[in-house]
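The values are calculated or read from the model by the stated rules, or taken from the named source; none is laboratory data. Keep in mind the model is a prediction, meaning the values are calculated, not measured. When we count neighbours, we look across all protein chains shown, and the Cβ atoms used for this are built from the backbone with ideal geometry, even at glycine.
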Amino acid sequence: MKAHISYLIGLVAAVATAMSLAGGKATDVDRTKKPNVLIFLLDDVGFGHLSSFGGPVNTPNIDRVAKMGVRFNNFHTTSLCSPTRAALLTGRNHHSVGTGVITEIATKEPGYTSHIPKNKFPIVEVLRASGYGTAAFGKWHNTPLDQLRGIESKHDQWPTDMGFEHFYGFMAGDVSQWEPTVWDDTNPVNPEVKNPGYHFSVDMADQAIRWLDGQKVAAPEKPFFLYFATGAAHAPHHAPPEYIAKYKTRFDQGWDKVREETLERQKAMGVVPPATRLSDRPDEIPAWDTLSSDEKRLYTRMQGTFAGYLEHADAQFGRVLAEIERNGELDNTIILITSDNGASGEGGLHGSINENLVFNGIPDNLDANLAHIEDIGTKKTYNHYPAGWALAGNTPFRYWKQSSHEGGVHDPMILAWANQVRDPGAVRNQFTHVIDIAPTLLELTGVTMPEKVRGVVQAPMEGVSFVKSINDPRAPTEKKVQYFEMLGNRAIWADGWKASAFHGRMPWDTTTSNPDFDNDKWELFKLDDDFSEVDDLAAKFPDKLEELRSLFESEAQKYNVYPLDDSTSNRIASTYRDIFAGVRQFNYEQGDIQISEAASPPVKNKSHKITAVLQVPEGGADGVLVACGGRYGGYSVFVQNKRIHYVHNFLGEAEYLIVAGEDLPEGPVTVRFEFIKTGENQGKGILFIDGRMVGSGSIARTVPNIFGIAETFDVGEDSGSPVTDAYAAPFTYGGKLKSLQVDLIDD
């Protein structure tokens, strides 16, 4: 009875909210159930990318939603993916929920553990408990690395632990769209196998449509909460060739001209104030006219591929939208579209055909990239465009992802609810932040935040609802203050003023670290008059700057921002090392697959041995015994044509192959590979069968830091992309792999 009364109270609240949004008038929309919620979360998409915000990329389905709803032109995020996603789902600041950075560089400091506290639980669970069907599709980058140790590992931070009844997607910052490592709930799957035309964006849309249809049949009375978090347009920029072809000459004019053109469209559309000026191009970014013809040709292809990738993702979102409409649910669905941060400058000054080079501190080579220009966007590259194009994507702002200037934190945002938005197609100017989404959705759906979630008393929401601004352009901004911090870059906004400190490290520099934060230069902007942060008023209003700096200190202390740390590569190495601190032996069984590289034996540049105990069937059996990494870096021990092979893939640039000089015998047999370190990032490999050496070879270059963000450690197969093209993934071992043991040897 109590549950029934609670449902009725929630329903009345939802109807009241709907009538309020509609100006107090009832509509023809069926309000017999609470409104559905669809969140389309883009990745690394800047303020100046989408056509509905004046951008050069054609996104007709997003445009359709923009015409149904309102565009918020003063919406902000945290400047990085995991932190924004945690903030969106919890309604709390990113450090407050332990997600000050991405999971790969988490630390033990309270603001950076990547563990969301139980007293700040995502609102997904609140919606589920209130009768919503809940599902997440696509990117999930909020599970701590130590909980990605395999199918049987203990965890409490997977999507299905956090309120989602179903999850289908990948558990990393990015993934190959052609050869992804994918999870169905908590089960690893290989969806691309035997599907040569596979693309993950299409797959996740297929899965979302299937789930929607299942919900419609099984529980038509239940509203749904659908979190559709595409990998687009984060690197690698992978798109079908027909989408890339659409932009073959679209960007020939270069990034400087594209910035100018985009700003003019933005002004004409009213998504920026008429007096908005284009921020200065940073000194690090060359003028387009100074580039060589080869550079222009390469960079244009890279940007065109990015644009094709984003338009392709829009098309998949359109399919989901069409299915909701076909099911008769579109008019009762709240749709929210945004990105997790500004466009990414992590591709560096020249772009890359393999972003893993950046993570390993190895510069890209222009000639090598040019040699693969026709492969850009295919599975043969893990590509990223140059930072100049990120700057254009963030028009009219300065800088990019990771920065606390507007280029990193100022994103497009659209909210639509058919028949409930009084002025469809309008623009709203109120300052809003990603932590405001959760309380806004709760108010719109009429769901009350309970005192306890799963028995734990909940801390107050830190975001504030912006429901009033949806239909009232004059409604005052509910927020009074909002801090920003990312990898040492800091900012604070209060009542239209913003103070910012850029710490100096560019996003493509993963090796430099500067612990001196006291000498950073702070700038001061009056954003109400200076939308794009052009005029630094620090010298003119020193007292206001000091006031804001003091306010930042107060907010930073309140929300666990300290200690500041701008390092990336060092933290990656530390995170990977700490997961298995002191462990020297690792034991696995056949079928232990899709284990995070960070949670796999730390064998890089360490002497080690891998021992496999096999039962070889009559006639022999081929397949992978163990593999870690993939096409753009990793190692594999595999059997092919009855011979044991070892390969070390140096970041897609070279393969070091060792092959046994004799066949594996049938029956029980023990295979061993030993790596003997002979120098920095180099060594010797030796193969053994039943203790007898059968092959050896030198490995001149070993991967120093990381094989890749998304590729995994697999026993008995090679999930995702193959470490070598000598076989096709997953190349499951056809015999019996009784055990696999990895031992670290003291160097």
Worksheet item: Can you tell me which residues in the stretch 587-627 are surrounded by fewer than 24 Cβ atoms within 10 Å (Cβ to Cβ) and under 20 Å from ALA654 (Cα atoms)?
Response: VAL603, LYS604, ASN605, LYS606
Fill in: Of the criteria (1) at pLDDT 95 or above; (2) touching a Gly at 6+ places or on another chain (Cβ under 8 Å), which one MET162 fails
(2)
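Name the one entry in ASP578, ASP565, ASP592 that is closer than 20 Å to GLU104 by Cα, assigned to a loop (DSSP other than H, G, I, E, B) and acidic (Asp, Glu).
Details: ASP578 fails: assigned to a loop (DSSP other than H, G, I, E, B); ASP592 fails: closer than 20 Å to GLU104 by Cα.
Unique residue meeting the criteria: ASP565.
Yes/no matrix, rows are residues, columns are (1) farther than 30 Å from PRO386 by Cβ; (2) out of contact with any strand residue (DSSP E or B) (no Cβ under 8 Å at 6 or more places or on another chain); (3) modelled with pLDDT of 95 or more; (4) assigned by TED's automatic domain parsing to the domain that holds ASP411:
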residue: ALA475; (1), (2), (3), (4): yes, yes, yes, no
residue: TRP493; (1), (2), (3), (4): no, no, yes, no
residue: LYS498; (1), (2), (3), (4): no, no, yes, no
residue: ALA501; (1), (2), (3), (4): no, no, yes, no
residue: GLY504; (1), (2), (3), (4): no, yes, no, no
residue: ASP520; (1), (2), (3), (4): no, no, yes, no
residue: PHE531; (1), (2), (3), (4): no, yes, yes, no
residue: ASP535; (1), (2), (3), (4): no, no, yes, no
Item to complete: Answer with yes or no whether SER739 is surrounded by fewer than 20 Cβ atoms within 10 Å (Cβ to Cβ) and assigned by TED's automatic domain parsing to the domain that holds GLY591.
Response: yes
Worksheet item: So LEU444 fits all but one of (1) surrounded by fewer than 22 Cβ atoms within 10 Å (Cβ to Cβ); (2) among the hydrophobic types (A, V, I, L, M, F, W, C); (3) over 30 Å from ALA499 (Cα atoms); what number is the exception?
Response: (1)
Item to complete: Identify, by number, the condition in (1) among the aliphatic types (A, V, I, L, M); (2) within 37 Å of the chain's Cα centre (by Cα); (3) farther than 20 Å from LEU651 by Cα that ILE699 doesn't meet.
Response: (3)
Worksheet item: Can you tell me which residue in the stretch 514-563 is farthest from PRO282 (Cα to Cα), limited to those that are in contact with an Asp or Glu (Cβ under 7 Å, 6 or more places away or on another chain) and exposed (fewer than 14 other Cβ atoms within 10 Å of the Cβ)?
Response: PRO563
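Return the residues of the stretch 655-688 that are crowded, with 19+ Cβ neighbours inside 10 Å and either within 37 Å of the chain's Cα centre (by Cα) or not assigned by TED's automatic domain parsing to the domain that holds ALA621 (or both); say none if nothing qualifies.
Looking only at the stretch 655-688, we keep the residues that are crowded, with 19+ Cβ neighbours inside 10 Å, and these are 656, 658, 660, 664, 671-675, 683, 685, 687-688.
TYR656, ILE658, PHE673, GLU674, PHE675, GLY683, GLY685, listed by residue number.
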Discussion item. Out of the residues in the stretch 433-468 meeting the condition of being among the hydroxyl-bearing types (Ser, Thr, Tyr) and part of a loop (DSSP other than H, G, I, E, B), tell me which one is farthest from the chain's Cα centre (by Cα).
Written reply: THR448
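Look through SER352, SER344, SER404 and report the one residue that is under 27 Å from GLU242 (Cβ atoms), touching a Ser or Thr at 6+ places or on another chain (Cβ under 9 Å) and either among the small types (Gly, Ala, Ser) or at pLDDT 95 or above (or both). Write out each step before concluding.
On the way: SER344 fails: touching a Ser or Thr at 6+ places or on another chain (Cβ under 9 Å); SER404 fails: under 27 Å from GLU242 (Cβ atoms).
Exactly one of SER352, SER344, SER404 is under 27 Å from GLU242 (Cβ atoms), touching a Ser or Thr at 6+ places or on another chain (Cβ under 9 Å) and either among the small types (Gly, Ala, Ser) or at pLDDT 95 or above (or both), namely SER352.
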Worksheet item: If LYS606 satisfies every condition in (1) over 24 Å from ALA728 (Cβ atoms); (2) within 25 Å of the chain's Cα centre (by Cα); (3) basic (Lys, Arg) but one, which is the exception?
Response: (2)
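Does ARG454 satisfy the criteria of being modelled with pLDDT of 95 or more and surrounded by fewer than 16 Cβ atoms within 10 Å (Cβ to Cβ)? Before you say what the answer is, go through the steps one by one.
On the way: modelled with pLDDT of 95 or more: yes; surrounded by fewer than 16 Cβ atoms within 10 Å (Cβ to Cβ): yes.
So ARG454 passes the test.
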Worksheet item: Is at least one residue of the stretch 683-695 modelled with pLDDT of 95 or more, touching a strand residue (DSSP E or B) at 6+ places or on another chain (Cβ under 9 Å) and under 29 Å from SER352 (Cα atoms)?
Response: yes
Worksheet, complete the sentence: Counting only residues that are on the phi > 0 side of the Ramachandran plot and hydroxyl-bearing (Ser, Thr, Tyr), the stretch 69-106 contains a total of 1
Fill in: For THR702: the one exception among (1) loosely packed, with under 15 Cβ neighbours inside 10 Å; (2) within 25 Å of PHE359 (Cβ to Cβ); (3) not small (Gly, Ala, Ser)
(1)
Worksheet, complete the sentence: When the stretch 159-169 is checked residue by residue, the ones that are touching a strand residue (DSSP E or B) at 6+ places or on another chain (Cβ under 7 Å) and hydrophobic (A, V, I, L, M, F, W, C) are PHE164, PHE167
Worksheet, complete the sentence: In the stretch 456-492, anything under 26 Å from ILE105 (Cβ atoms) and in contact with a Leu (Cβ under 7 Å, 6 or more places away or on another chain) is listed as MET486, GLY488, ILE492
Practice prompt. Quick one: which helices (runs of 4 or more DSSP H) lie wholly within the stretch 316-432 and hold at least 1 residues that are more than 19 Å from VAL45 (Cβ to Cβ) and in contact (Cβ under 8 Å) with a residue 40 or more places away in the chain?
Written response: 356-359, 366-371
Discussion item. Being of a type in the set (Asp, Glu) and over 21 Å from VAL258 (Cα atoms): is that true of ASP436 here?
Written reply: yes
